Amino acid sequence: MKQLFLVLTLLLTVSISVPAYADETNTETNTETNTETNEHYSRFFVVPDILIYRPVGFAFTVAGAALFVAMSPLTAFANIAPPHDAFEKMKDILIMAPANYTFLRPVGNNSVTDY
């Protein structure tokens, strides 16, 4: 119980202090990029993002990869007809979308499409 309390306290401290520091460094380097990234940033979304959304996104990425492998024989039939991009579309939907949401999206950014 003490370890859980320590971890939650550490995450809360980091979530409060890191965004303030990140905002200061972003304004010095590029104000245009800073306004674009802060549009969907919420400091209250950092802790749920780390504890809930990232692990769930990782699980969806792994499940999508397994589903991609399981469905690849059927996708091969769909790939016969032009434009021959069934594997690319399936990869983008099942693997790349959850992987981008999990690994490329900045922490605290609650937008689905801005990464």
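Could you work out the Kirkwood radius for segment 60-113, taking every pair of different alpha carbons, averaging 1/r and inverting it, reported in Å? Walk me through the intermediate numbers first.
Numbers: mean 1/r = 0.0824 Å⁻¹.
It works out to 12.1 Å.
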(request) State, to one decimal in nm, how far the label point of Ala76 lies from the label point of Phe44, with both points 7 Å from Cα in the Cβ direction. (result) 5.2 nm
(message) Starting from the 7 Å offset along Cα-to-Cβ, what nm value, one decimal, do you get for the label separation of Phe87 and Phe68?
(response) 1.1 nm
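Each value in this text was obtained by applying a stated rule to the coordinates, not by laboratory testing. Here the structure is a predicted model, which is why all the values come from computation and not from measurement. All Cβ positions, glycine included, derive from the backbone under ideal geometry; neighbour counts span all protein chains shown.
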